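Trainee: The structure under discussion is supplied below as structure tokens; questions concerning it will follow.
The values are calculated or read from the model by the stated rules, or taken from the named source; none is laboratory data. Note that the coordinates shown come from a computational prediction; the quantities given were computed from them, not determined experimentally. Neighbour counts run over all protein chains shown; Cβ positions are idealised from the backbone, glycine included.
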Amino acid sequence: MKKLTFLIVLMTMSLFGFAQDWFGYNRYKANNELIISSKNYPKVVFMGNSITDNWAYFHPDFFTKNNFCGRGIGGQTSAQMLVRFYDDVVALHPKAVVIMAGTNDVAHNDYWVSPEQVVENIKAMCNIAKANNITPIISSIPPCNEFCWRKEIKNAGQTIVDINNELKAYAKSAGLIYVDYHAALVDENLGFPLTLSSDGCHPLPDTYFQMEEMVLKAIKKVVK
């Protein structure tokens, strides 16, 4: 448990120690270059923050056996993901991208941003993907009713619900698949139950098994 807690804090806050690379270009630069030079392109890229980053760390076999590629960076907002979207997704020529963003926007990790802008940033990533023949799959923001690193943020749980409702509506209107982790994992307080998360925001390693089952069903609908 101590290892998990340390990893979560480290990955959530990591970006603050690297102001010279606000976009996170350097995190995957070497691996991206290796993939591009070998032309061993992934089937699906998972774009996200620490929740995605932890996923690849705790369940590496899920990614390797399915030819998936994790591109999560702890602490990142949707704007930062949008800026690095070409380098970390488009340049790798996947067939699909799973986008999970918004947690750190709600936590005001970088600056205050409106829920509407979070949705617009995710829409922009979807549009870039589609323009490059990559099928976007939109993930809901997972539940969280309090951020252990931003306890002053109030009503986080409801803000996340509001953003997810907009994302779900957009996915439906755009004919995209929406993976609703939130509905599957949320408790009565709009957070994670203690059995699924140690801090109410980041999934425990075993929680990812449930998420994997959901996202694989979505991926199989768009990637043959």
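Trainee: I'd like to check which helices (runs of 4 or more DSSP H) are fully inside the range 57-115 and have at least 1 residues that are hydroxyl-bearing (Ser, Thr, Tyr) and out of contact with any helix residue (DSSP H, G or I) (no Cβ under 9 Å at 6 or more places or on another chain).
Mentor: Counting at least 1 such residues, we get 60-66.
Trainee: Among the residues of the range 188-199, which ones are surrounded by 16 or more Cβ atoms within 10 Å (Cβ to Cβ) and of a type in the set (Asp, Glu)?
Mentor: Across the range 188-199, the qualifying residue is only ASP199.
Every residue, every condition in (1) aliphatic (A, V, I, L, M); (2) more than 22 Å from MET125 (Cα to Cα); (3) surrounded by fewer than 21 Cβ atoms within 10 Å (Cβ to Cβ), yes or no:
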| position | (1), (2), (3) |
| --- | --- |
| ASN155 | no, yes, yes |
| ASN164 | no, no, no |
| ALA169 | yes, no, yes |
| ALA174 | yes, no, yes |
| ILE177 | yes, no, yes |
| VAL186 | yes, yes, no |
| CYS201 | no, yes, no |
| VAL215 | yes, no, no |
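Trainee: Let me ask you something else. Restricting the search to the range 192-224, which residues are of a type outside the set (Val, Ile, Thr) and in a helix (DSSP H, G or I)? Before you say what the answer is, go through the steps one by one.
Mentor: Going residue by residue through the range 192-224, those that are of a type outside the set (Val, Ile, Thr) are 192-194, 196-206, 208-214, 216-218, 220-221, 224.
If the condition is that a residue be of a type outside the set (Val, Ile, Thr) and in a helix (DSSP H, G or I), then TYR208, PHE209, GLN210, MET211, GLU212, GLU213, MET214, LEU216, LYS217, ALA218, LYS220, LYS221 are the ones that fit.
Trainee: A further question on this structure: So, in the range 198-224, how many residues would count as being in contact with a strand residue (DSSP E or B) (Cβ under 6 Å, 6 or more places away or on another chain) and free of Cβ contacts under 8 Å to residues at least 12 places away in the same chain?
Mentor: Count: 0.
Trainee: Just a yes or no: is a residue in the range 61-73 among the hydrophobic types (A, V, I, L, M, F, W, C) and under 23 Å from ASP199 (Cα atoms)? Before you say what the answer is, go through the steps one by one.
Mentor: First pass over the range 61-73, keeping only residues among the hydrophobic types (A, V, I, L, M, F, W, C): 62-63, 68-69, 73.
With under 23 Å from ASP199 (Cα atoms) added as a condition, the list becomes 73.
Yes: the range 61-73 contains one or more residues that are among the hydrophobic types (A, V, I, L, M, F, W, C) and under 23 Å from ASP199 (Cα atoms).
Trainee: With modelled with pLDDT under 95 and either outside any helix (DSSP H, G or I) or in contact with a Phe, Trp or Tyr (Cβ under 7 Å, 6 or more places away or on another chain) (or both) as the only criterion, which of ASN189, ASN133 stands out? If you could, list the steps in order and put the result at the bottom.
Mentor: On the way: ASN133 fails: modelled with pLDDT under 95.
Checking each option against the conditions leaves just ASN189.
Trainee: Of the residues that make up the range 4-22, is at least one at pLDDT 95 or above and either in contact with a Phe, Trp or Tyr (Cβ under 9 Å, 6 or more places away or on another chain) or within 26 Å of ASP199 (Cβ to Cβ) (or both)?
Mentor: Checked the range 4-22: no residue is at pLDDT 95 or above and either in contact with a Phe, Trp or Tyr (Cβ under 9 Å, 6 or more places away or on another chain) or within 26 Å of ASP199 (Cβ to Cβ) (or both).
Trainee: With closer than 25 Å to GLU212 by Cα, in contact with an Asp or Glu (Cβ under 9 Å, 6 or more places away or on another chain), surrounded by 22 or more Cβ atoms within 10 Å (Cβ to Cβ) and without any contact (Cβ under 8 Å) to a residue 60 or more places away in the chain as the only criterion, which of VAL118, VAL89 stands out?
Mentor: Numbers: VAL89 fails: in contact with an Asp or Glu (Cβ under 9 Å, 6 or more places away or on another chain).
Within the list VAL118, VAL89, the selection yields VAL118.
Trainee: Among the residues of the range 42-56, are any loosely packed, with under 13 Cβ neighbours inside 10 Å and under 29 Å from ASP110 (Cβ atoms)? Spell out the reasoning first.
Mentor: Let us first name the residues in the range 42-56 that are loosely packed, with under 13 Cβ neighbours inside 10 Å, namely none.
So far as the range 42-56 goes, no, none of its residues is loosely packed, with under 13 Cβ neighbours inside 10 Å and under 29 Å from ASP110 (Cβ atoms).
Trainee: Let me ask you something else. Can you name the condition, by its number, that ALA124 falls short on among (1) within 29 Å of LYS154 (Cα to Cα); (2) at pLDDT 95 or above; (3) in contact with a Gly (Cβ under 8 Å, 6 or more places away or on another chain)?
Mentor: Of the numbered conditions (1) within 29 Å of LYS154 (Cα to Cα); (2) at pLDDT 95 or above; (3) in contact with a Gly (Cβ under 8 Å, 6 or more places away or on another chain), the odd one out for ALA124 is (3).
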